[in-house]
Every structure is written in structure tokens, then in C-alpha cells.
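Trainee: I'd like to ask some things about the structure below.
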Amino acid sequence: MNVIEVKDLVKKFGNKKVINEINFKVEERKIFGFLGPSGAGKTTLIKMLIGEYSITSGEAYLFGEVPNKLNDEITSKISAVMDNFGLYERLTVYENMEVFANIYKVDKKEIDSILKKVELFDAKKTITSKLSKGMTQRLILARALINKPKLLFLDEPTSGLDPATSLKIHNLLFELKESGTTIFLTTHNMEEATKMCDEVALLHLGKIVEFGTPKDICMRHNKYNVFNVITKDNKELTFKSNKTDSKKLAKLIEDENVLSIHSSEPTLETVFIELTGKELV
Amino acid sequence: MKISHVNAIFKKTCLDMKRNKRQLFFFLLFPAFTYLFYFMIEDQHEVFSVMYLPINVMFCSLNIMAGIIAEEKEKGTLRSLMFANIKPIEYFFGTGLFILIATILSCSLMVPLIPMEGMQFVYFYLGIILSSICSQILGATVGLVVKNQMAANGLCAPITIIIGMLPTFGAMNEAFKNVSELLYTTKFANTAADIVYNQPITFDWKVVLTYIANFIVVFVIFHLVYKKKKLDD
């Protein structure tokens, strides 16, 4: 089942096309990544999908319904973590969760369980304005989980966070996926996308320039097809994928003279640079 | 409109305001002034209750409503509420209910200085409720227009002075009186004066019509602004 379906979607601000006839589908229980540099149109796309921005032309569907005409049942299945979604700074961590638990009529016991998941249980009595950036980000994510969403939009969820906090968020997202949540995330972090996403779309100037699983995309752009080897005597050697070089490489391995061996397929980042001539910043 | 959503917004506002010392101070400001002048000045000290009651209702309802909306817009909490399917009407009702109760409590602090009995209580609290509703709608309009809390305070001050003080100016000047007679704050000030000076209060259609007309005017202004700006614009 497709949770998100987008056909020839266009968004214009004045005469400028920020989203330019894009098409994609996101299947249930997948993590879908939208990748691109700042200004590529990632946030605009999420805002269109959650109904915050109108659609200039084309079609978009969430659970088969048009985004700004979703019924209450579908709305209650969707959550989002956006940079412009704030917290009540004078309230405690628990109280912030309680506000939304009351709105969604969720059992208060769920709050503790979610806070434990995002490792904020010990800070539940802390006033939100006193939280660190990483903790704030985790609280925003925790709040988005209060209604047990079937579809979760995440706009740059780990942007500006330290590696340890990013790892915690990644693990949580994997858990959510396992429990049946479809995740749509935007990022300009290629490592994050490669690690997290089942499918990615590379966005450049509002257009999708590449689409597929991270592995497939990298393999499609693997022009060189070579292996880089570092031997035990610290020599760097390159072997092509042909019979002659394969034998040489096999000999090195047989002689136990290989320190490391790497294939040469590009990363998502190098694919993006190759396709657009621009770096992902 | 879902009552559970209104209830959630009401509880949220109570929790948040409990820790918002600056806004809570607004509810005590004019009762404190009234007590101060009441005990400082010996002659005709009851005039301060008449003067400060309509200003207090206006000041609390307008400033707090505008401040809450402006802050929620500024901090992005309003967006998260709207995303959680809170309808604007549910938001206004939940927030407005808190402000109404707090305004009633604030005005009740002045009650020991105003001798009242029987139906006078009914007219007194009815006046507070109707005036607070009109002021809250004005406050919501200000909240929609401004970008942040600072701007809300800046815009609320002149509105409070003009609409809240006009009954007092009208009592001193004939030209002001003609204008002030059209305002709900004047009608409430008149009710307060009748109670304070122990004059008989009778049901008057003119007063009712003034409240209704004021309500319609502020609501139309709010509606026009809302259509243009929306709640989280």
C-alpha cells in the first residue's frame, strides 16, 4: 500500500518554481529520504504534504486522500517534526507531552513509555527552556510519537546534533519502522540517508534527479568498477574487474598480504555532485 | 468543535499561565491600584472602583489574549496545535475560557470595596463577562495582526487607553461622552457606577443593544483580519 503518492507536483512562489513536476510513491513501513542541499525544496515539499502550503498543480495523496482535506481519522495517524514546530518553554518535559496526550486522548501512561524511549524520562520534570538542543530535538520527536503515528514526517531530524544524539534518534526511527510507521525524512546528510533509508530521492532545484535505494543509486553510478587495495607493506594498488586483475588480487589474498580492500562505487554524495555539480551543504 | 480539544487547550493555558509571572501580574495590577487609591484618598475614593473596573476587564482580556496568540505564533507552538487538528474555534474557546475566569477573579478582588447585594451581583458579573468577550475578540485580532509578543504589547496599550479610558473621559467632557456612550466599556462603567453609588439598576434594552452592536463590530473586524491572516500565518 502506498502511504504517500505524488504526481506531477508543482509549487510556485510568484514565478519561481520551487517544486518542479515531481513524482514518487512511498510504501508502507518504509523510510523514505528526500535529499538535497539547503534551498532544494525539501521543506517546501513536506509543507505541501502536510497541508501547510497549497499545491500549485499536480496531485498529492496521503493514505489516498488530498493533504488539506484529510478527515480526522487520517489526521490523527500523521505526525511531523518540523523546525517551526515549537515547544511550550515554561512547561516541563512531561507537561509538554501531556498537552498533546490530552488533545489525542492518549493514556497518560504512554507519556512515560515514550519518554523512556527517547531517554528523557529522568528529565521529565525539567522545564523545557532548560533542555539542551539534543534533548529539545528528542522531546519534539517524542511529542510527535504521542499519537502512535502511521506516517511521520521529519524535516532534518538530526541537523546540528552531536553523533551520540543522532545515533539515538536513528535507533528510535528504526524501532518505529519495525513497529509499522512509515517515515518520510529530509536531510542533507548523505551518511544518514544511506544508513537509514530504504529509498531516497535526490532533489536539485525542485526536481528529482535520481531515485531508488541508496545501494542501487550508487551501483548505477559506479563507472570505474575497480578495487582499491592496501597491502601489508603499505602499498596502494588498484585492480580492475577483469580476469587478469582478479587473479592478481586473488594471489595477494592467498599470500595474506592484504591489509584492506575497498570497492570503488561512489557514495550518494559523489553521485549528487556528479549529477548536479553542487555539494550538499 | 470537540469539547475534548477545548478542554485540552484550557488545561494547557492554565499550566502555561501558572508559570507566566508577567501575564499573571496583569490580573493583579488594577485591583492593586484600586486598593492603593481607595486607602490613600479619603474623599470619593469609590470613584477608583468605577474608573478601574472597565479598564481592568479591557486590559486583562485584550492584553492576555493578544499576548498568548502572539507568543504561540512566535514560538511555533500554534503550528503544532493546528497540526494536531486543533481547530481555530477550539483554540479561541479554550484560551478565552481561561481569560474569562481569570478576569472574573481579578475583578472579584475589587468586590470588597464595592458594596453589592442581590441583582447587583448579577449585573456586575454579566457586565464583566460581556465586556471580557468583546475585549478578547479585539485581543485575538491584535494577536493575528502582530508578529510577536513585543508588538502585541505595543498595539494593546493604545487600544486599552482609548477604549478603556473613554468612559472616564466621557464623564468629564461632553464631546467624549457622545462617543463613549457607544462603547461597551462605558455601559459597564455605568453599571459599576450605579452599583458603587447604590443607584437602582433596571434592565435597559439600550445597554443590551450596545453590547450586541459592539460584539458584532469587533467580531466583523476579527473575521476580516482572520480571513486575510489566518491563525498561524
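The values are calculated or read from the model by the stated rules, or taken from the named source; none is laboratory data. Only a predicted model underlies this, so the values are computations on that prediction, with no experimental measurement involved. Don't worry about glycine lacking a Cβ; one is built from the backbone with ideal geometry, like all the others, and counts go over all protein chains shown. The accessibility values were calculated without ligands, DNA or RNA, using every heavy atom of the protein model including side chains. Shrake-Rupley method; radii C 1.70, N 1.55, O 1.52, S 1.80 Å.
Trainee: Within segment A:212-226, work out how many residues are assigned to a loop (DSSP other than H, G, I, E, B) and open to solvent by 70 Å² or more (accessible area, probe 1.4 Å).
Mentor: 3
Trainee: Please state which of the following conditions residue B:77 fails to meet, knowing it meets all the rest: (1) modelled with pLDDT under 95; (2) within 14 Å of chain A (Cβ to nearest Cβ); (3) open to solvent by 10 Å² or more (accessible area, probe 1.4 Å).
Mentor: Condition (3) is where residue B:77 drops out.
Trainee: Let me confirm something: among A:23, A:15, which residue is closer than 20 Å to residue A:214 by Cα, of a type in the set (S, T, N, Q) and surrounded by fewer than 19 Cβ atoms within 10 Å (Cβ to Cβ)?
Mentor: A:23
Trainee: Right, something else. Considering each of A:234, A:242, A:189 in turn, give the residue that is open to solvent by 70 Å² or more (accessible area, probe 1.4 Å) and over 17 Å from residue A:26 (Cα atoms).
Mentor: A:234
Trainee: Something else: Among the residues of segment A:65-102, which ones are under 18 Å from residue A:153 (Cβ atoms) and in contact (Cβ under 8 Å) with a residue 40 or more places away in the chain?
Mentor: A:76, A:77, A:78, A:79, A:80, A:81, A:82, A:83, A:85, A:87, A:100
Trainee: Of the residues A:209, A:229, A:271, which is under 27 Å from residue A:41 (Cβ atoms) and assigned to a strand (DSSP E or B)?
Mentor: Of the residues listed, the single one that is under 27 Å from residue A:41 (Cβ atoms) and assigned to a strand (DSSP E or B) is A:209.
Trainee: Let me ask you something else. Restricted to segment B:55-74, and to residues that are facing chain A (nearest Cβ under 10 Å) and in contact (Cβ under 8 Å) with a residue 24 or more places away in the chain, which residue is nearest to residue B:227 (Cα to Cα)?
Mentor: Once the filter is applied, the top-ranked residue is B:73.
Trainee: Residues of segment A:88-135 being within 12 Å of chain B (Cβ to nearest Cβ), part of a loop (DSSP other than H, G, I, E, B) and either touching an Asp or Glu at 6+ places or on another chain (Cβ under 8 Å) or surrounded by fewer than 17 Cβ atoms within 10 Å (Cβ to Cβ) (or both), which ones?
Mentor: Matches in segment A:88-135: A:88, A:90, A:91, A:105.
Trainee: For segment A:68-81, check the following and say yes or no: at least one residue is within 12 Å of chain B (Cβ to nearest Cβ), in a loop (DSSP other than H, G, I, E, B) and among the hydroxyl-bearing types (Ser, Thr, Tyr).
Mentor: yes
Trainee: Now, a different point. Run residue B:19 past the list (1) open to solvent by less than 50 Å² (accessible area, probe 1.4 Å); (2) at pLDDT 90 or above; (3) within 14 Å of chain A (Cβ to nearest Cβ) and report the number of the one that doesn't hold.
Mentor: Single failed check for residue B:19: (1).
Trainee: Right, something else. Have a look at A:50, A:19 and point out the one that is farther than 23 Å from residue B:84 by Cβ and β-branched (Val, Ile, Thr).
Mentor: Result: A:19 is the single residue among A:50, A:19 that is farther than 23 Å from residue B:84 by Cβ and β-branched (Val, Ile, Thr).
Trainee: So which residues in segment A:185-204 are outside any loop (DSSP other than H, G, I, E, B) and farther than 12 Å from residue A:157 by Cβ, if there are any at all?
Mentor: A:190, A:191, A:194, A:195, A:199, A:200, A:201, A:202, A:203, A:204
Trainee: All but one of (1) in contact with a helix residue (DSSP H, G or I) (Cβ under 7 Å, 6 or more places away or on another chain); (2) away from chain B (no Cβ under 12 Å) hold for residue A:58; state the number of the condition that does not hold.
Mentor: Single failed check for residue A:58: (1).
Trainee: From the set of residues in segment A:31-63 that are touching a residue at least 60 places away in the same chain (Cβ under 8 Å) and out of contact with any strand residue (DSSP E or B) (no Cβ under 7 Å at 6 or more places or on another chain), which is surrounded by the fewest Cβ atoms within 10 Å (Cβ to Cβ)?
Mentor: A:38
Trainee: Restrict the check to segment B:91-112 and report whether at least one residue is without any contact (Cβ under 8 Å) to a residue 24 or more places away in the chain, within 30 Å of residue A:97 (Cβ to Cβ), open to solvent by 50 Å² or more (accessible area, probe 1.4 Å) and away from chain A (no Cβ under 14 Å).
Mentor: Yes: one or more hits.
Trainee: Further, regarding this structure: Mind listing just one residue for me: the one in segment A:249-271 that is charged (D, E, K, R) and surrounded by 13 or more Cβ atoms within 10 Å (Cβ to Cβ) and, of those, nearest to residue A:209 (Cα to Cα)?
Mentor: A:269
Trainee: Among the candidates B:27, B:37, which residue alone is touching a residue at least 40 places away in the same chain (Cβ under 8 Å), open to solvent by less than 70 Å² (accessible area, probe 1.4 Å) and away from chain A (no Cβ under 14 Å)?
Mentor: The match here is B:27.
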